[in-house]
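Computed from the coordinates by the stated procedures, all read-outs in this text should not be read as laboratory data. Quantities reported herein were computed from a predicted structural model and do not represent experimental measurements. Don't worry about glycine lacking a Cβ; one is built from the backbone with ideal geometry, like all the others, and counts go over all protein chains shown.
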Amino acid sequence: MHEYHEAIHIIEHACEEAAKQGKNKVTKINLVIGESSGYSADSIRMHFEDAVKGTICEGAEITARTVKTMLRCPNCHELFARRPFHFDCPHCGTDGVPSEVGKEMSIESVECE
């Protein structure tokens, strides 16, 4: 259900961005979604399609760039990609801890005409 609220937020933001640019049609919205964000691009698209009717975003394409979940080594401070059932740093072998990389859900850009 949080995807529905996020879709509403995306529509509101895109409409505001179009107004700032003096445009009256949103054609494309580019998202960034982390693997560990809890959001599904497909679910956001589905809710977006339902909620967008009658707005300047109707018909806009939504793209989503996925960001891999990254761990940070508490020893050498390197960021590295999380692998299933493996949490060890490839540089020093210390178990990594969660970082903020891969938890994001944001609007990267809005294209208008």
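Secondary-structure-derived ellipticity at 222 nm for the chain, considering helices only, amounts to -9000 deg cm²/dmol, per-run term -39500 (n - 2.57) for DSSP H runs with n ≥ 4. Between 0 and 90 degrees, the angle of helix 41-51 with respect to the longest Cα principal axis of the chain falls at about 20 degrees.
Across all Cα atoms of region 55-101, the radius of gyration (one decimal) and Dmax (whole number) stand at 16.7, 52 Å. Rounded to the nearest 20 debye, the dipole magnitude of the chain is 200 debye, with +1 charges on Lys and Arg beta carbons, -1 on Asp and Glu beta carbons, and the Cα centre as origin.
Amide H contacts under 5 Å for ALA64: LEU31, restricted to partners 5 or more places along the chain or on a different chain, H placed in the peptide plane at 1.01 Å from N. Listed by chain and number, the lysines whose alpha-carbon sits under 16 Å from that of LYS53, ignoring those within fewer than 8 places in the same chain, are LYS25, LYS28.
Taken along the Cα-to-beta-carbon direction at a fixed 7 Å, the label points for THR27 and GLU113 span 0.4 nm.
Counting only DSSP beta bridges with both residues in the chain, the antiparallel share comes to about 65 percent. Which label marks the calculated value of semi-axes √(5λ) of the Cα gyration tensor in Å, given the options (i) 26, 15, 10; (ii) 24, 18, 12; (iii) 36, 14, 9? So the structure-derived entry is (iii).
Going by a ≥ b ≥ c, the root eigenvalues of the Cα gyration tensor, does region 1-47 fall in the rounded group (a/c under 1.5), the prolate group (a/b larger than b/c) or the oblate group? Prolate is the answer for region 1-47, as a/c is 1.5 or above and a/b outweighs b/c.
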